[in-house]
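Below you'll find the structure, written out as structure tokens, and then a few comments.
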Amino acid sequence: QVQLVESGGGLVQAGGSLRLSCAASRSIFTINSMGWFRQAPGKQRELVAVISRSGDTNYADSVKGRFTISRDSAEDTVYLQMDSLKPEDTAVYLCNAKVFPKDYWGQGTQVTVSS
């Protein structure tokens with residue numbers, strides 16, 4: 001079992017920045033990977049960024065160069081630094097943890113980018 005608690009969403013103007021946090025209830029080194037997904041109204045959930053247990057990262061093409069995923073093992077927390085935000089980044093952002101074969105999800109945090 002993994003509980004995930006997200007924080008850091010909000011309203012920001014285009015071009016601004018936000019940092020999302022996802023605190024896990026167990027050591028992140030016991031989790032295969034952690035990542036951030038997002039879901040906008042009327043759209044499918046999509047992967048934004050993921051970091052594996054070994055530290056490898058992967059990003060959606062739409063956020064490469066603007067978003068950075070990182071982790072703090074002492075705090076068992078994964079972060080998503082979002083810079084140069086665009087209105088199309090508006091969505092509910094959800095933290096995900098994969099402990100094979102299961103997926104665990106946070107409650108989601110709203111990010112709204114105004115033009």
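Observations on the model:
- Strands (runs of 3 or more DSSP E) fully within the stretch 27-115 counting 1 or more residues that are among the aliphatic types (A, V, I, L, M) and touching a strand residue (DSSP E or B) at 6+ places or on another chain (Cβ under 8 Å): 33-39, 46-52, 67-72, 77-82, 91-99, 109-114
- Selected residue (criterion: farthest from residue 7 (Cα to Cα)) from residues of the stretch 61-71 that are open to solvent by less than 20 Å² (accessible area, probe 1.4 Å) and not aromatic (Phe, Trp, Tyr): 63
- Within the span defined as the stretch 88-97, one or more residues are touching a residue at least 12 places away in the same chain (Cβ under 8 Å), of a type in the set (Gly, Ala, Ser) and closer than 13 Å to residue 2 by Cβ.
- Restricting 9, 42, 35, 15 to residues that are of a type outside the set (Asp, Glu), modelled with pLDDT under 95 and open to solvent by less than 70 Å² (accessible area, probe 1.4 Å) narrows the list to 9.
- Residue in the stretch 97-112 that is over 14 Å from the mean Cα position of the chain (by Cα), open to solvent by less than 70 Å² (accessible area, probe 1.4 Å) and polar (S, T, N, Q) present: yes
- Of the set (1) at pLDDT 95 or above; (2) small (Gly, Ala, Ser); (3) within 20 Å of residue 1 (Cα to Cα); (4) surrounded by fewer than 12 Cβ atoms within 10 Å (Cβ to Cβ), all apply to residue 74 but (1).
- Scanning the stretch 81-96 for residues that are within 17 Å of residue 69 (Cβ to Cβ) and surrounded by fewer than 17 Cβ atoms within 10 Å (Cβ to Cβ) gives 81, 83, 84.
- Contacts under 9 angstrom Cβ, first residue in the stretch 57-82 being within 20 Å of residue 44 (Cα to Cα), partner open to solvent by 50 Å² or more (accessible area, probe 1.4 Å) and among the aliphatic types (A, V, I, L, M), 6 or more apart: 58/47; 59/47; 60/47
- Selection within the stretch 49-58 - of a type outside the set (Gly, Ala, Ser) and surrounded by 18 or more Cβ atoms within 10 Å (Cβ to Cβ): 50, 51
The values are calculated or read from the model by the stated rules, or taken from the named source; none is laboratory data. What you see is a predicted model, and the numbers here were worked out from it, not measured in a lab. Backbone-built Cβ (ideal geometry, glycine too); neighbour counts: all protein chains shown. Ligands, DNA and RNA are stripped out before the accessible areas are found, and what is left, the full protein with its side chains, is counted by its heavy atoms. Shrake-Rupley method; radii C 1.70, N 1.55, O 1.52, S 1.80 Å.
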